[in-house]
Amino acid sequence: MLEADNLECVRGERRLFAGLGFKLAAGELIYLQGRNGAGKTSLLRMLIGLLPPENGEIRWQGRPIRSQNDEFHADLCYLGHLNAIKEELTPLENLLAAARLAGETLSEDDAIDALEQVGLAGREDLACKYLSQGQKRRVALARLVVDRRPLWILDEPFVALDVAAVDWLAGIISGHLQRGGMAVMTTHQPVAIPAGNVRELRIG
Amino acid sequence: MLKIVTSVIARDLKLAMRRQADIVSALFFFVIVVSLFPLGIGPEVDLLRQLAPGVLWVAALLATMLSLPRLFADDYRDGTLEQLALSPHPLGLIVTGKVIAHWLVSGLPLALIAPILGIQFDLSGEALLVLTGAILLGTPALSGIGAIGAALTLGLRGGGVLLSLLVLPLYIPVLIFGAGAVDATVSGLGGEGHLSLLTAMTFAAIGFAPWASAAALKIALE
């Protein structure tokens, strides 16, 4: 379970939010909403432990994330604004390298499967610099297909995707929730997630 | 633990191989700067022999500096650095892998080509050997110390100049003992003491610098 308690965020001289708290249990999804600049991304970066909160505490499985960075990160999958893919590498190499750095074992066949699922069949061996923006995003999303870690933190996962891909991604997130996973995500497009217990959290 | 270091090295080497222009330009910079001195000074063998260690080492420092800004900048720009910081492995180990990979593509080629360049300065065989050894032993320290500077200046505008101002003064001990090893050999005193000190600096830098860089990277990511 992920718990946030009395969080306060100050960026520069401005206080973005204070007294924010929530609990996220297995099978639950929190939709983070708020206008531009409300602090959605800042909150996500707090949740993954990259941005220390001004006040308050975040706990994973009952223990503060600050005191268990490595165990917490082993359970966490974060997808940010940036795709975190290398232009010089092929989609397949990117996916395998990402899995290796995350400490997961991923076979080449599984990786090719995942890339096929995101619609990149036949482009596994093309350097990512030749792919379009949407295709690069799909390479990043292919990580979610093979990821079995319980906590997903997704920052605008639907950006740059076409309609069919949005449905497909909603299905992937549903599958994750059905397996007992949990997720926090921000989005500006309302997307229906068919399974799991979906809640909204509005900040700002 | 070792596995994460080797997989980071493998990844960075693969990236470097796909972008060979970076490696080649730093190497050519080294070759050209070193070659300019004999051309400018003329065929005064004694003077050249005296200048050689200092010239080669200063050129090696500058060539290493050239590739430093990109050590973390590319990963920072495309979001990979975030993912590295969120890896269940300690960031210090990951940076250790990156530093070793940086040395393999920047320091090692310098050491391999240095003896050929040394011939232009009429260095003896023994002096060339010590020169190669000194560059081989000293450049990992340059990569390590440089990583701290690269991490501290990450994301800053005009970071390249600031990086040189930060890192070059810290390179002075390596420069003194690196050039000193060759000087001592040329004058017949033996450069073993200098080489031992260089090795000590390298071990200290490889052991300590990645963790300091990791701390700086975490600040840059906030």
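Just so it is clear, none of the values below were taken in a lab; they were calculated from the coordinates. Since the structure is predicted, the reported quantities are computational estimates derived from the model, not experimental observations. Cβ placement follows ideal geometry from the backbone for every residue including glycine, while neighbour counts extend to all protein chains displayed.
Under 1.5 on a/c is rounded, so check that first for region B:142-222, then, if it is not, pick prolate when a/b is larger than b/c and oblate when it is not; a ≥ b ≥ c are the square roots of the alpha carbon gyration tensor eigenvalues.
Oblate shape, in that a/c is at least 1.5 and b/c is the bigger or equal ratio.
What average count of beta carbons from other chains do you get within 10 Å of the Cβ of residues in B:82-94?
Whole-number average of other-chain Cβ neighbours for B:82-94 is 6.
Which peptide among A:58-64, B:51-57 comes first, and what is the full order, when sorted by highest mean count of other Cβ atoms within 10 Å?
Put in order of decreasing packing, that is B:51-57, A:58-64.
Given the options A:95, A:106, A:32, which has the most mean-square fluctuation in a GNM of chain A, springs set between C-alpha atoms less than 10 angstrom apart?
Of A:95, A:106, A:32, the most mobile in the Gaussian network model is A:106.
Any chance you could give the angle, 0 to 90 degrees and rounded to 10, that helix A:108-117 forms with the longest Cα principal axis of chain A?
80
What lysines does residue A:136 reach when the alpha-carbon gap must be under 21 Å and sequence neighbours fewer than 8 apart in one chain are set aside?
Excluding near neighbours in sequence, the set is A:86, B:14.
Let me confirm one metric for peptide A:101-107, namely the mean number of other chain beta-carbon atoms within 10 Å of its residues' beta-carbons.
Neighbouring Cβ atoms belonging to other protein chains average 4 per residue here.
How far, in degrees from 0 to 90, does helix A:91-101 lean away from the longest principal axis of the Cα atoms of chain A, to the nearest 10?
Approximately 40 degrees, to the nearest ten.
Can I get the semi-axes of region A:149-197's equivalent ellipsoid? Compute them from the C-alpha gyration tensor as square roots of 5 times the eigenvalues, in angstrom, largest first.
Values for region A:149-197, descending: 18, 12, 9 Å.
Can you tell me which of B:40-46, A:10-16, A:170-176 comes out highest on packing, and rank the rest after it, using the mean Cβ neighbours within 10 Å?
The packing order, highest mean first, is A:170-176, A:10-16, B:40-46.
When the Karplus curve 6.51 cos²θ - 1.76 cosθ + 1.60 is applied with θ = phi - 60°, which whole-Hz ³J(HN,Hα) does each residue of region A:53-62 get, with x for Gly and Pro?
Couplings: x, 4, 8, x, 8, 10, 10, 10, 6, x Hz.
Once you have a ≥ b ≥ c as the square roots of the Cα gyration tensor eigenvalues for the protein assembly as shown, tell me rounded if a/c is under 1.5, and otherwise prolate or oblate according to whether a/b is larger than b/c. Present the calculation step by step, with values, prior to reporting the outcome.
Working: a/c = 2.82, a/b = 2.17, b/c = 1.30.
Judged from the Cα gyration tensor, the protein assembly as shown comes out prolate (a/c at least 1.5, a/b above b/c).
Compute the relative contact order of region B:144-222 as a whole-number percentage, counting only Cα pairs closer than 8 Å that sit 6 or more residues apart in sequence.
It comes to 47 percent, rounded to a whole number.
Select from chain B the helices, each a whole stretch of DSSP H, whose alpha-carbon atoms run 20 Å or more along the helix axis and whose Kyte-Doolittle mean is at least -1.0; answer none if there are none.
Details: long enough: B:2-18 (24 Å, 0.74); B:20-41 (32 Å, 2.09); B:45-67 (33 Å, 1.41); B:91-119 (42 Å, 1.82); B:125-152 (41 Å, 1.62); B:172-186 (21 Å, 1.80); B:192-221 (43 Å, 1.16).
Membrane-span-like by this criterion, though nothing is claimed about a membrane: B:2-18, B:20-41, B:45-67, B:91-119, B:125-152, B:172-186, B:192-221.
Tally the DSSP beta bridges in region A:2-202 and give the antiparallel ones as a percent, rounded to 5. Intermediate values should be presented prior to the final figure.
Numbers: 14 of 33 bridges.
The antiparallel fraction comes to roughly 40 percent.
Let me confirm one metric for peptide A:82-90, namely the mean number of other chain beta-carbon atoms within 10 Å of its residues' beta-carbons.
Whole-number average of other-chain Cβ neighbours for A:82-90 is 5.
Would you calculate, for the protein assembly as shown, the mean residue ellipticity at 222 nm contributed by helices, counting each DSSP H stretch of 4 or more residues as -39,500 (n - 2.57) and dividing by all residues, to the nearest 500? Could you put the intermediate results ahead of the total?
Numbers: 16 runs with 256 residues, N = 426.
So the helix-based figure for the protein assembly as shown works out to -20000 deg cm²/dmol.
If packing is taken as the mean number of other Cβ atoms within 10 Å per residue, what is the order of A:17-27, A:68-78, highest first? Provide the component values of the computation, followed by the final result.
Numbers: A:17-27: 14.9, A:68-78: 18.7.
Peptide ranking by packing, descending: A:68-78, A:17-27.
Report the residue, chosen from B:163, B:112, B:128, that carries the largest GNM mean-square fluctuation when chain B is represented by alpha-carbon nodes joined by springs under 10 Å.
Its mean-square fluctuation being the largest, the pick is B:112.
Below 8 Å between Cα atoms, with a sequence gap of 6+, how large is the relative contact order for chain B in percent?
27
Would you please classify the overall shape of chain B from the alpha carbon gyration tensor, given that a ≥ b ≥ c denote the square roots of the eigenvalues, rounded means a/c under 1.5, and beyond that prolate means a/b larger than b/c while oblate covers the rest?
It is prolate, given that a/c is not under 1.5 and a/b is the larger ratio.
So what's the angle, to the nearest 10 degrees on a 0 to 90 scale, between helix A:133-146 and the longest Cα principal axis of chain A?
Around 80 degrees separate the two axes.
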